[in-house]
């Protein structure tokens with residue numbers, strides 16, 4: 001069974017940093033692109049970032065570019081999101097998701113984690 | 001700035017058919033945008049319904065189908081059931097690894 005389990009969320013002050021992790025199992029991790037999607041309280045879903053299967057391509061929404069870094073460790077089947085210079089508007093549930101088709105993030109995702117909550121507040 | 005548009009809300013009668021759409025503020029949606037569709041109920045993680053325009057995700061009943069209708073992507077639900085009452089989101093691939101979500105459609109079954 002394909003599973004994704006996020007961790008690392010919590011309360012952080014504005015300007016602070018946090019690293020999210022997503023542990024994957026049940027599929028050949030390195031063969032698939034992975035994405036992060038977030039949802040602010042009471043708001044819709046927002047695509048945040050994606051990474052190719054071999055990590056040779058990383059992609060970001062304008063809202064997080066320069067502050068967030070996506071990475072992966074294929075030997076550990078784990079996806080990461082390093083979040084720096086956090087703002088109140090980054091407060092959200094963060095989901096990791098597996099690409100539906102292959103190593104390049106294009107076709108949409110097919111499996112989601114349960115999410116981890118990030119709260120940016122003083 | 002590219003904006004992906006969806007109807008804010010829609011209603012359908014039990015057993016009825018509804019088509020939700022996903023468009024662009026400028027231009028037409030084609031299969032090159034690889035539209036995908038997601039269902040979300042409050043407090044739950046999203047569930048994938050359709051990816052790459054019309055491929056149903058594993059376990060999704062064939063009541064759900066994806067297509068291109070005119071200049072928009074479309075999600076059609078036939079034989080609507082009470083538990084189809086959810087928020088529905090589309091995503092379009094913009095190229096260079098970037099995807100954008102629509103604002104979502106709140107579907108009511110009544």
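The values are calculated or read from the model by the stated rules, or taken from the named source; none is laboratory data. Everything numeric here is computed off the predicted structure, so don't read it as measured data. Ideal geometry is used to build each Cβ from the backbone, glycine not excepted, and the neighbour counts take in all protein chains shown.
Determine whether residue A:108 is crowded, with 21+ Cβ neighbours inside 10 Å, more than 14 Å from the chain's Cα centre (by Cα) and within 21 Å of residue B:73 (Cβ to Cβ). Working first, answer last.
Numbers: crowded, with 21+ Cβ neighbours inside 10 Å: yes; more than 14 Å from the chain's Cα centre (by Cα): yes; within 21 Å of residue B:73 (Cβ to Cβ): yes.
Considered against the rule, which asks whether it is crowded, with 21+ Cβ neighbours inside 10 Å, more than 14 Å from the chain's Cα centre (by Cα) and within 21 Å of residue B:73 (Cβ to Cβ), residue A:108 comes out as yes.
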Exercise for the section: Output the residue which, of all residues in the range B:92-109 that are more than 7 Å from chain A (Cβ to nearest Cβ) and assigned to a strand (DSSP E or B), is surrounded by the most Cβ atoms within 10 Å (Cβ to Cβ). Expected result: B:92
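Would you pick out the residues in the range A:90-110 that are part of a strand (DSSP E or B) and at the interface with chain B (Cβ under 7 Å from one of its Cβ atoms)?
If the condition is that a residue be part of a strand (DSSP E or B) and at the interface with chain B (Cβ under 7 Å from one of its Cβ atoms), then A:95, A:109, A:110 are the ones that fit.
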Completion exercise
When restricted to B:18, B:91, the only residue under 30 Å from residue A:56 (Cβ atoms) and touching a residue at least 40 places away in the same chain (Cβ under 8 Å) is B:91
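Which of the following residues is surrounded by 20 or more Cβ atoms within 10 Å (Cβ to Cβ) and closer than 24 Å to residue A:4 by Cβ: B:42, B:46?
Numbers: B:42 fails: surrounded by 20 or more Cβ atoms within 10 Å (Cβ to Cβ).
Sole residue among the options that is surrounded by 20 or more Cβ atoms within 10 Å (Cβ to Cβ) and closer than 24 Å to residue A:4 by Cβ: B:46.
If the requirement is being within 14 Å of chain A (Cβ to nearest Cβ), farther than 15 Å from residue B:83 by Cβ, at pLDDT 95 or above and in contact with a helix residue (DSSP H, G or I) (Cβ under 8 Å, 6 or more places away or on another chain), which of these qualifies: B:53, B:48?
Numbers: B:48 fails: in contact with a helix residue (DSSP H, G or I) (Cβ under 8 Å, 6 or more places away or on another chain).
Testing whether each residue is within 14 Å of chain A (Cβ to nearest Cβ), farther than 15 Å from residue B:83 by Cβ, at pLDDT 95 or above and in contact with a helix residue (DSSP H, G or I) (Cβ under 8 Å, 6 or more places away or on another chain) leaves just B:53.
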Completion exercise
The lone condition residue A:65 fails out of (1) buried (at least 18 other Cβ atoms within 10 Å of the Cβ); (2) in a loop (DSSP other than H, G, I, E, B); (3) within 14 Å of another protein chain (Cβ to nearest Cβ) is (1)
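Filter the range B:9-26 down to residues that are within 13 Å of residue B:68 (Cβ to Cβ) and more than 14 Å from chain A (Cβ to nearest Cβ) and give me whichever is surrounded by the fewest Cβ atoms within 10 Å (Cβ to Cβ). Give the steps one after another, and end with the answer.
The initial filter retains those residues of the range B:9-26 that are within 13 Å of residue B:68 (Cβ to Cβ), namely B:19, B:21-24.
This time we only want the ones that are more than 14 Å from chain A (Cβ to nearest Cβ), so: B:19, B:21, B:23-24.
On the way: B:19: 16, B:21: 20, B:23: 22, B:24: 19.
Result: B:19.
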Completion exercise
The number of residues in the range B:36-45 that are more than 12 Å from residue A:100 (Cβ to Cβ) and within 12 Å of another protein chain (Cβ to nearest Cβ) is 6
Practice task
For the range A:46-56, state whether one or more residues are under 15 Å from residue A:23 (Cα atoms) and in a loop (DSSP other than H, G, I, E, B).
Solution key: yes
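Considering the range A:111-122 alone, what residues qualify as being surrounded by fewer than 19 Cβ atoms within 10 Å (Cβ to Cβ), in a loop (DSSP other than H, G, I, E, B) and either modelled with pLDDT under 95 or within 14 Å of another protein chain (Cβ to nearest Cβ) (or both)?
Correct list: A:114 only.
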Fill in the blank from the handout: Scanning the range B:58-74 for residues that are in a loop (DSSP other than H, G, I, E, B) and within 14 Å of chain A (Cβ to nearest Cβ), the one farthest from residue A:1 (Cα to Cα) turns out to be B:60
